[in-house]
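The values are calculated or read from the model by the stated rules, or taken from the named source; none is laboratory data. Since we're looking at a predicted model, the values are computed, not measured. Positions of Cβ are backbone-derived with ideal geometry, glycine not excepted, and every protein chain shown enters the neighbour counts.
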Amino acid sequence: MERLQQLMVTFSWLIPFIAICVLWDSVWKVIGMWKAARNNHLVWFICIAIFNTMGILPIIYLLLDKKKV
């Protein structure tokens, strides 16, 4: 029982870290999917929806798809 309590204390940072990662990925995924849908980029939309890349793929899409002014 004492060993379990030690493990819980040692990994107490894990749940907030996972929650922050999920929130980070969700925000970027929604933004990327919204832009891909508006621009009729079906392949990008599907890739962003399927692959969990912690926001990297949506950020790449948003950077590559910037409108040139």
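Find the residue count for region 58-69, including only residues that are part of a helix (DSSP H, G or I) and surrounded by fewer than 12 Cβ atoms within 10 Å (Cβ to Cβ).
At the first step, the residues of region 58-69 found to be part of a helix (DSSP H, G or I) are 58-64.
If we keep only those that are surrounded by fewer than 12 Cβ atoms within 10 Å (Cβ to Cβ) as well, we get 63-64.
The number of residues fulfilling the criteria is 2.
Name the pairs: first residue in region 38-57 and part of a loop (DSSP other than H, G, I, E, B), second residue at pLDDT below 90 and not aromatic (Phe, Trp, Tyr), Cβ to Cβ under 9 Å, at least 6 apart or on different chains?
Within 9 Å, the pairs are ASN39/ASP65; HIS41/ASP65.
What residue, of GLY32, GLY55, is out of contact with any Gly (no Cβ under 6 Å at 6 or more places or on another chain) and on the phi > 0 side of the Ramachandran plot? Break it down stepwise before answering.
Numbers: GLY32 fails: on the phi > 0 side of the Ramachandran plot.
That would be GLY55, the only listed residue that is out of contact with any Gly (no Cβ under 6 Å at 6 or more places or on another chain) and on the phi > 0 side of the Ramachandran plot.
Collect the residues in region 25-47 that are of a type in the set (D, E, K, R) and crowded, with 17+ Cβ neighbours inside 10 Å, keeping them in residue-number order. Break it down stepwise before answering.
Of the residues in region 25-47, the ones of a type in the set (D, E, K, R) are 25, 29, 35, 38.
Within region 25-47, ASP25, LYS29, LYS35 meet the criteria.
Being in a helix (DSSP H, G or I) and surrounded by 10 or more Cβ atoms within 10 Å (Cβ to Cβ) is the filter here; which residues of region 8-22 pass it? Explain how you work it out, then say what you get.
Just the residues of region 8-22 that are in a helix (DSSP H, G or I), to begin with: 8-10, 14-22.
Those that are in a helix (DSSP H, G or I) and surrounded by 10 or more Cβ atoms within 10 Å (Cβ to Cβ): MET8, LEU14, PHE17, ILE18, ALA19, ILE20, CYS21, VAL22.
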